[in-house]
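The values are calculated or read from the model by the stated rules, or taken from the named source; none is laboratory data. Nothing here was measured: the structure is a model prediction, and the numbers come from that model. With ideal geometry, Cβ positions are generated from the backbone for all residues, glycine too; neighbour counts draw on all protein chains shown.
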Amino acid sequence: MVAETTVYFIMAISSLISVVATYLAIVEKDLVKAVIYSAIQSAMYALLYYLLMAPDIVLVYLPVAVGLIPGVLLVLIGKTERWEKDAKSG
Amino acid sequence: MLVELLNNYFLMIVLASLLANFVISLYGIFFKPHYIKKVIALTIFSDTMNTFAIYIGYRAWIGGKNPRPPVLTSYPSSEALHEFTLRAVDPLPQALVLTAVVIGLAVVLFLVFLGYVLYMHYRTLDLREIKRLRG
Amino acid sequence: MQRAVEVIVIMSLVLAIALLLLLASEYLLPGESVRLLASFYLYTTYNPSLPNYTVNSPEAVTAIVWDYRGLDTLFETAVFYLALIAGLALARRLYEEGLREDVDLSKSGLSLIVKTVTRLTSPMIIAVGASIALHGHLTPGGGFQGGATIAVAPMILIVVFSTLFLIKHGVTSDRMLVIRSLGLIGIGLTAILALLMGLVIGKFAYVFQNMPKLNSPIGVPATIGNILISGTLWFFNLFEMFAVAAGFVIAFIILMLVKGGEK
């Protein structure tokens with residue numbers, strides 16, 4: 001009885017932190033920080049997959065979304081530009 | 001009962017936050033003008049859809065015991081097999097999500113190469129500038 | 001300050017929508033029984049008393065990925081291969097992969113502490129990735145999981161040392177292309193393994209067949225000696241691990257070697 005509520009509580013906490021990380025990743029203007037926030041969101045999703053009893057998906061998701069995708073995006077940012085300009089009108 | 005209401009509320013928080021992620025990443029794909037921001041929002045979007053699929057495959061707690069992952073851990077006598085089919089989580093959404101993650105990764109790799117060639121041609125990755133400069 | 005206010009607003013919105021969803025919660029909660037197809041897969045994944053339906057693998061997800069729905073995985077591997085080829089074709093004349101002799105490799109890269117730790121941990125990463133891939137039919141894991149884990153090690157080596165370090169030690173993109181092609185040929189041959197065995201012996205067999213079925217009594221053996229290998233599943237995991245890891249290494253090397261833009 002207590003175990004069930006604890007598992008659901010940890011699921012709810014990790015989902016709320018992933019919403020905060022997603023919002024900060026979309027609104028941030030420095031692209032390196034946006035990639036880091038997206039990696040935090042992927043780590044919270046990996047915890048959610050573990051609690052939803054899907055260990056195969058955890059083993060795929062952790063190297064891909066926390067290691068390889070931010071690595072490739074950071075290399076691309078290093079070769080192109082880093083800051084996103086303001087939204088002008090028109 | 002209060003405990004049951006609390007459990008249901010936590011599960012509804014998970015669903016509502018997945019919905020919020022879906023909406024925020026869709027806003028990010030459409031309204032943010034930088035190419036790399038769009039790619040980041042696309043990865044968040046596809047991960048949220050994968051999480052919906054895995055949530056559908058979850059199973060409720062029967063008799064106070066947690067559901068198990070779909071892996072047999074002992075030799076399959078008929079009692080062990082019966083217990084396994086009574087407690088294990090649905091394995092089919094996990095197999096489909098595996099394929100979806102691989103395909104999402106392949107698309108992002110291709111988009112990164114495309115972004116690099118775009119920068120070499122136009123000297124900027126701001127899509128409003130590219131639309132103005134086009135050709 | 002303004003960011004904090006926006007974050008609090010979004011969190012309270014999510015909590016309020018969850019309270020609203022609580023009214024409809026009986027349609028959104030997980031059920032107590034799984035669907036009929038899933039219970040069929042769970043019942044027959046390792047069941048020696050049903051010799052025409054079983055896969056002889058205690059891991060249901062790997063059995064679905066490589067046996068029950070094997071054609072999906074074959075086409076997913078083809079999609080990954082096509083995306084990689086498209087990416088490499090876009091960058092085909094923008095890099096040069098020569099072996100420059102005038103670069104002193106002991107002075108480039110990060111500091112000595114990071115280099116020593118990387119020298120210790122990258123063989124460990126490769127060993128763990130190989131273990132995840134080769135035990136894919138017994139524990140959670142499989143070919144793609146192991147391949148993605150192994151591909152993290154060259155990325156760390158490129159960042160800590162340099163790309164020239166990798167090329168000087170023999171990890172060039174041509175060799176990785178050879179390994180990737182060998183992995184894909186291995187997957188193709190394993191897919192028609194039962195058919196070839198049937199042609200040799202003279203009995204009827206299907207393409208992509210793993211265990212003996214109703215109309216074709218021969219199949220790939222499920223155990224070698226006393227060790228359970230679940231037929232073609234172990235070979236699929238092995239070749240997929242090589243193909244995926246080599247594909248990622250090619251993409252990294254070429255992405256690091258293209259010329260950066262001038263600001």
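Got at least one residue in the stretch A:62-79 being surrounded by fewer than 18 Cβ atoms within 10 Å (Cβ to Cβ), touching a strand residue (DSSP E or B) at 6+ places or on another chain (Cβ under 9 Å) and farther than 29 Å from B:LEU11 by Cβ?
no
Among the residues in the stretch C:86-109, are any away from chain B (no Cβ under 11 Å) and among the polar types (S, T, N, Q)?
Yes; the residues of the stretch C:86-109 include at least one that is away from chain B (no Cβ under 11 Å) and among the polar types (S, T, N, Q).
Among the residues of the stretch A:66-90, how many are of a type in the set (Gly, Ala, Ser) and more than 10 Å from chain C (Cβ to nearest Cβ)?
Qualifying residue count, the stretch A:66-90: 3.
With the stretch B:75-135 as the region, which helices (runs of 4 or more DSSP H) entirely inside it contain at least 1 residues that are over 21 Å from B:LEU42 (Cβ atoms), hydrophobic (A, V, I, L, M, F, W, C) and in contact with a Lys or Arg (Cβ under 8 Å, 6 or more places away or on another chain)?
Passing ranges, in order: B:78-87, B:92-122.
Considering every residue within the stretch C:104-118, establish whether at least one is touching a strand residue (DSSP E or B) at 6+ places or on another chain (Cβ under 7 Å) and not charged (D, E, K, R).
No: the stretch C:104-118 contains no residue that is touching a strand residue (DSSP E or B) at 6+ places or on another chain (Cβ under 7 Å) and not charged (D, E, K, R).
Looking only at the stretch B:58-69, decide whether some residue is of a type in the set (Ser, Thr, Tyr), facing chain C (nearest Cβ under 10 Å) and under 23 Å from C:THR44 (Cα atoms).
Within the stretch B:58-69, one or more residues are of a type in the set (Ser, Thr, Tyr), facing chain C (nearest Cβ under 10 Å) and under 23 Å from C:THR44 (Cα atoms).
If we only count helices (runs of 4 or more DSSP H) wholly inside the stretch C:57-140, which ones have 2 or more residues that are over 30 Å from C:THR163 (Cβ atoms)?
C:60-63, C:70-90
Could you list, in sequence order, the residues of the stretch B:15-28 that are surrounded by fewer than 23 Cβ atoms within 10 Å (Cβ to Cβ) and either more than 8 Å from chain A (Cβ to nearest Cβ) or within 16 Å of A:ILE10 (Cα to Cα) (or both)?
B:LEU15, B:LEU18, B:LEU19, B:PHE22, B:VAL23, B:LEU26
Mind telling me which of the residues C:VAL9, C:VAL14, C:VAL5, C:VAL34 ends up being within 7 Å of another protein chain (Cβ to nearest Cβ) and either loosely packed, with under 13 Cβ neighbours inside 10 Å or modelled with pLDDT of 90 or more (or both)?
So the residue among C:VAL9, C:VAL14, C:VAL5, C:VAL34 that is within 7 Å of another protein chain (Cβ to nearest Cβ) and either loosely packed, with under 13 Cβ neighbours inside 10 Å or modelled with pLDDT of 90 or more (or both) is C:VAL14.
Looking only at the stretch B:91-101, decide whether some residue is at the interface with another protein chain (Cβ under 7 Å from one of its Cβ atoms), crowded, with 22+ Cβ neighbours inside 10 Å, polar (S, T, N, Q) and in contact with a Pro (Cβ under 9 Å, 6 or more places away or on another chain).
Yes, the stretch B:91-101 contains a residue that is at the interface with another protein chain (Cβ under 7 Å from one of its Cβ atoms), crowded, with 22+ Cβ neighbours inside 10 Å, polar (S, T, N, Q) and in contact with a Pro (Cβ under 9 Å, 6 or more places away or on another chain).
Can you work out which of the residues in the stretch A:8-33 that are in contact with a Leu (Cβ under 7 Å, 6 or more places away or on another chain) and within 7 Å of another protein chain (Cβ to nearest Cβ) is farthest from A:LEU73 (Cα to Cα)?
The residue in question is A:TYR8.
Among the residues in the stretch C:196-207, are any under 30 Å from C:THR54 (Cβ atoms), basic (Lys, Arg) and either out of contact with any Phe, Trp or Tyr (no Cβ under 7 Å at 6 or more places or on another chain) or at pLDDT 85 or above (or both)?
Yes; the residues of the stretch C:196-207 include at least one that is under 30 Å from C:THR54 (Cβ atoms), basic (Lys, Arg) and either out of contact with any Phe, Trp or Tyr (no Cβ under 7 Å at 6 or more places or on another chain) or at pLDDT 85 or above (or both).
Which count do you get for residues in the stretch A:51-61 that are part of a helix (DSSP H, G or I) and either away from chain C (no Cβ under 13 Å) or without any contact (Cβ under 8 Å) to a residue 24 or more places away in the chain (or both)?
Total meeting the criteria: 7.
Exactly one of these conditions fails for C:GLU96: (1) surrounded by 11 or more Cβ atoms within 10 Å (Cβ to Cβ); (2) touching a residue at least 12 places away in the same chain (Cβ under 8 Å). Give me its number.
Result: C:GLU96 fails condition (1) only.
Being among the aromatic types (Phe, Trp, Tyr) and touching a residue at least 60 places away in the same chain (Cβ under 8 Å) narrows it down to one residue among B:TYR35, B:TYR27; which is it?
Step by step, each of B:TYR35, B:TYR27 is checked, and only B:TYR35 is among the aromatic types (Phe, Trp, Tyr) and touching a residue at least 60 places away in the same chain (Cβ under 8 Å).
Filter the stretch C:231-263 down to the residues that are within 21 Å of C:LEU138 (Cα to Cα), part of a loop (DSSP other than H, G, I, E, B) and touching a Phe, Trp or Tyr at 6+ places or on another chain (Cβ under 9 Å) and list them by number.
Hit for the stretch C:231-263 is C:THR232, nothing else.
Residues of the stretch A:1-50 being in contact (Cβ under 8 Å) with a residue 40 or more places away in the chain and in a loop (DSSP other than H, G, I, E, B), which ones?
A:LYS29
Of the conditions (1) at the interface with chain C (Cβ under 10 Å from one of its Cβ atoms); (2) farther than 18 Å from A:VAL20 by Cα; (3) among the polar types (S, T, N, Q); (4) buried (at least 20 other Cβ atoms within 10 Å of the Cβ), B:ASN50 satisfies every one except a single condition; which number is it?
Of (1) at the interface with chain C (Cβ under 10 Å from one of its Cβ atoms); (2) farther than 18 Å from A:VAL20 by Cα; (3) among the polar types (S, T, N, Q); (4) buried (at least 20 other Cβ atoms within 10 Å of the Cβ), only one is false for B:ASN50: (1).
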